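The values are calculated or read from the model by the stated rules, or taken from the named source; none is laboratory data. Only a predicted model underlies this, so the values are computations on that prediction, with no experimental measurement involved. Cβ coordinates were reconstructed from backbone atoms using ideal geometry, including for glycine residues, and neighbour counts include every protein chain displayed. These area figures cover heavy atoms from the full protein model, side chains too; ligands, DNA and RNA do not enter into them. Shrake-Rupley method; radii C 1.70, N 1.55, O 1.52, S 1.80 Å.
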Amino acid sequence: MLYQSRQAVFLVVALCAFSMGSADGTAWAQGSSVQSRSKLVADRSQTLQHQTIFMPRDVEIEQVSQSPQVPNVLDAESREALGIPPQLLEDDQVWADPDDDCVDCDAIVPLISHKQGDAGVTWLPGTDNDLGIFSINLSETIDFPRFEGFSVTPYFGVHYLDGPVQTDLPARVYDTSVAFRWFKKHNEKWSYELEVAPGVYSDFKNVTSDSLRITGRGLAYYVHSRSKQFVMGVVYLDRENIKMLPAAGMIMWFSEGSRLELIFPKPKFTYRIEKTDTLERWAYVAGEFGGGSWGIRRGPSGIDDIATYSDLRLIGGLETKHTGGMISKFEVGFVFDRKLEYKSDIGNYDISPTGMVRYQLTF
């Protein structure tokens, strides 16, 4: 009994010493010299610096790896029309409050900050009467840290049109818009998102009310469990052929490295094929609804009109995500059910299926 009591007392003393050393950074023994204590403080400072450098990397790669909805979702004008916010899909501590122990709590909160930039190219080959499109898009998302959940995204895109010979499309059409987005977490289960994006979609010869469009979305997210989330709402496209689309579905995680997004109008299955300390690689297949509406001036007649192009896409892609936050995507796809329609109904026709190659970079 005495021996066991001595063991218990010794164990308690050892645990207390360990806890005090971890919490306060004091010396391990009372007989240590001042120089030893200085050395311990220096070592501890180096350890904290090491953690400060590498801890954000782990958090960042979680956020990057769980935000698959960055590419064009519905069309070139509403590229984030159904983008799932990273907060919804984080695997660990989805709705956890930030820690009270903050290293930079006394730092000045900036008025604006860079969130992410996007650049991409898309090519749909075409010849003769099969319309070909080569698109370039650029955007920059700006956060306002003093206004939680609020961001602004200026967007610019240009589409180079190849053919068709049977109608009088301009050589280029442009997308310009500014999206104002607000995301609000209501509680641990519900969050909401609102976005309004006024823009001009035109060949810049017909810059009238025909080329002004206001797109937007209103979405609600419900976290059922760590492996299942639901999305519901509407996406407003303000296109001539389609004004509004419902957005509904669910996201299911089968494991840490596989996810199924049964969301209309963009279903997607993603599977992680590689994970290292510096990057992750994901392969995926997805469906997509593409196209857009532009105010144009038609050929020699100089008549103002609105051209609307639409298609459906079956896509396979490879996504590489780096710890620094950069994401690169390479996609190939089959594009079908292609249509070109005019507001005047003069020159409408169906276009033959074609392929698609797309590269997207997020930084």
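Mind listing just one residue for me: the one in region 219-246 that is over 18 Å from G292 (Cα atoms) and open to solvent by less than 20 Å² (accessible area, probe 1.4 Å) and, of those, farthest from the chain's Cα centre (by Cα)? Residue satisfying both the conditions and the ranking: V223. Scanning region 115-125 for any residue that is part of a strand (DSSP E or B), open to solvent by 40 Å² or more (accessible area, probe 1.4 Å) and either among the hydroxyl-bearing types (S, T, Y) or at pLDDT below 95 (or both) turns up at least one such residue. Yes or no: region 176-186 includes at least one residue that is open to solvent by less than 30 Å² (accessible area, probe 1.4 Å) and in contact with a Lys or Arg (Cβ under 7 Å, 6 or more places away or on another chain). The answer is no; no qualifying residue exists.
Among residues of region 172-188 that are closer than 17 Å to R239 by Cα and among the basic types (K, R), none has a Cβ under 9 angstrom from a residue that is open to solvent by less than 20 Å² (accessible area, probe 1.4 Å) and outside any loop (DSSP other than H, G, I, E, B) at a sequence gap of 6+ or on a separate chain. Mind checking which residues of region 285-305 are within 30 Å of the chain's Cα centre (by Cα) and crowded, with 17+ Cβ neighbours inside 10 Å? Scanning region 285-305 gives A286, E288, F289, G290, G291, G292, S293, W294, G295.
Hey, among D168, D162, D143, which residue is open to solvent by less than 60 Å² (accessible area, probe 1.4 Å), among the charged types (D, E, K, R) and within 30 Å of S301 (Cα to Cα)?
On the way: D162 fails: open to solvent by less than 60 Å² (accessible area, probe 1.4 Å); D143 fails: within 30 Å of S301 (Cα to Cα).
From the options D168, D162, D143, the qualifying one is D168.
Residues that are among the hydroxyl-bearing types (S, T, Y) and farther than 17 Å from E195 by Cβ occur in region 238-260; there is at least one.
When you check R338 against the structure, is it under 24 Å from N137 (Cα atoms), basic (K, R), touching a Ser or Thr at 6+ places or on another chain (Cβ under 9 Å) and surrounded by 14 or more Cβ atoms within 10 Å (Cβ to Cβ), yes or no? Write out each step before concluding.
Values: under 24 Å from N137 (Cα atoms): yes; basic (K, R): yes; touching a Ser or Thr at 6+ places or on another chain (Cβ under 9 Å): yes; surrounded by 14 or more Cβ atoms within 10 Å (Cβ to Cβ): yes.
Spelling it out, R338 is indeed under 24 Å from N137 (Cα atoms), basic (K, R), touching a Ser or Thr at 6+ places or on another chain (Cβ under 9 Å) and surrounded by 14 or more Cβ atoms within 10 Å (Cβ to Cβ).
Residue-level check: of (1) more than 22 Å from R213 (Cβ to Cβ); (2) open to solvent by less than 30 Å² (accessible area, probe 1.4 Å), T278 misses just (2).
Residues in region 171-213 that are closer than 30 Å to L131 by Cα, part of a strand (DSSP E or B) and among the basic types (K, R): R172, R213. For region 234-273, filtered to residues that are in contact with a helix residue (DSSP H, G or I) (Cβ under 9 Å, 6 or more places away or on another chain) and hydrophobic (A, V, I, L, M, F, W, C), the residue that is farthest from D175 (Cα to Cα) is W253.
Applying the criterion of at least 2 residues that are within 22 Å of I133 (Cα to Cα) to the strands (runs of 3 or more DSSP E) found wholly in region 214-313 leaves 279-298. Has region 320-330 got any residue that is surrounded by fewer than 19 Cβ atoms within 10 Å (Cβ to Cβ), on the phi > 0 side of the Ramachandran plot, part of a strand (DSSP E or B) and in contact (Cβ under 8 Å) with a residue 12 or more places away in the chain? Checking region 320-330: not a single residue is surrounded by fewer than 19 Cβ atoms within 10 Å (Cβ to Cβ), on the phi > 0 side of the Ramachandran plot, part of a strand (DSSP E or B) and in contact (Cβ under 8 Å) with a residue 12 or more places away in the chain. Of these, T270, T215, which one is open to solvent by less than 10 Å² (accessible area, probe 1.4 Å), β-branched (V, I, T) and within 30 Å of Y342 (Cβ to Cβ)? Just a single option satisfies the conditions, and that option is T215.
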